[in-house]
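Worksheet: one structure, shown below.
The values are calculated or read from the model by the stated rules, or taken from the named source; none is laboratory data. It should be emphasised that the depicted structure is a prediction, and the values quoted were computed from it without experimental measurement. Counting neighbours? That spans all protein chains shown, and the Cβs are built from the backbone with ideal geometry, glycine included. Note: accessible area is taken over every heavy atom of the protein model, side chains too, but ligands, DNA and RNA are not part of it. Shrake-Rupley method; radii C 1.70, N 1.55, O 1.52, S 1.80 Å.
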Amino acid sequence: MKNSNKTLIIFYLLITYVILQFLWWGYHISSLTEQLNDNEAYISRRLTMIAGEGTVFIIIICLGAFYVIRSYYKEINLAKKEKNFALSVTHELKTPIASSKLFAETMLQRNDLDQQQITTSLEKIIHEQNRLNDLVEKILLVSTIDEMIKDCLLYTSPSPRDGLLSRMPS
């Protein structure tokens, strides 16, 4: 997170520098206009033009900075959500793996298990492996749907539902 704060600080400093340079440039142009010309009407028109252009420039810079900063924060939030999703998926995948491993290790280490206990343990291992398989299938389905939605947004067809439904895995 420290790196992202550095990026924002540098961005703010650059925007501030650009605006200050523009104001300094406007000041120098207006003072040069006053030095070179004695006509009050010309000076007034020229200063109004400089102030108008400066205002438009500053508004454009501020709007651009606003959209860049908003986009930056959206990316940060998206990265956090992706990290949380990855942590959640990892946890959900590790649970059935650990459970199956525990049942298998129990079966290997204990020689005194009767046939019923072995069958129960094997059924639990199969249950956990099926659960793991279901989780992986759901993750793959979400990934496929996400890609199809992105494709539909990139390549708009006459009816986006037709493209989405025809590409659904069977």
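Things worth noting here:
- Entry remark, the stretch 41-63: residues being open to solvent by less than 60 Å² (accessible area, probe 1.4 Å) and either among the small types (G, A, S) or touching a Gly at 6+ places or on another chain (Cβ under 8 Å) (or both) number 5 in total.
- Members of the stretch 114-135 found to be surrounded by 12 or more Cβ atoms within 10 Å (Cβ to Cβ) and not polar (S, T, N, Q), listed by number: I118, L122, K124, I125, I126, H127, E128, R131, L132, L135
- Condition check for E92: at negative phi and in contact (Cβ under 8 Å) with a residue 40 or more places away in the chain: yes
- For F66: the one exception among (1) open to solvent by 60 Å² or more (accessible area, probe 1.4 Å); (2) of a type outside the set (D, E); (3) closer than 30 Å to D134 by Cα; (4) within 19 Å of the chain's Cα centre (by Cα): (3)
- Flag for S30 being surrounded by 10 or more Cβ atoms within 10 Å (Cβ to Cβ) and more than 30 Å from L8 (Cβ to Cβ): yes
Results for (1) of a type in the set (S, T, Y); (2) touching a helix residue (DSSP H, G or I) at 6+ places or on another chain (Cβ under 8 Å); (3) free of Cβ contacts under 8 Å to residues at least 12 places away in the same chain, shown as yes or no for each residue.
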| site | (1), (2), (3) |
| --- | --- |
| Y27 | yes, no, yes |
| Q35 | no, no, yes |
| N39 | no, no, yes |
| L47 | no, yes, no |
| G52 | no, no, yes |
| L63 | no, no, yes |
| S71 | yes, no, yes |
| N77 | no, no, yes |
| E82 | no, no, yes |
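- The set of residues from the stretch 69-97 being more than 23 Å from K138 (Cβ to Cβ) and either open to solvent by 90 Å² or more (accessible area, probe 1.4 Å) or not in a helix (DSSP H, G or I) (or both) comprises R70, Y73, K74, E75.
- When Q109 is tested against (1) of a type outside the set (A, V, I, L, M, F, W, C); (2) surrounded by fewer than 13 Cβ atoms within 10 Å (Cβ to Cβ); (3) touching a Ser or Thr at 6+ places or on another chain (Cβ under 8 Å), just one condition goes unmet, and that condition is (3).
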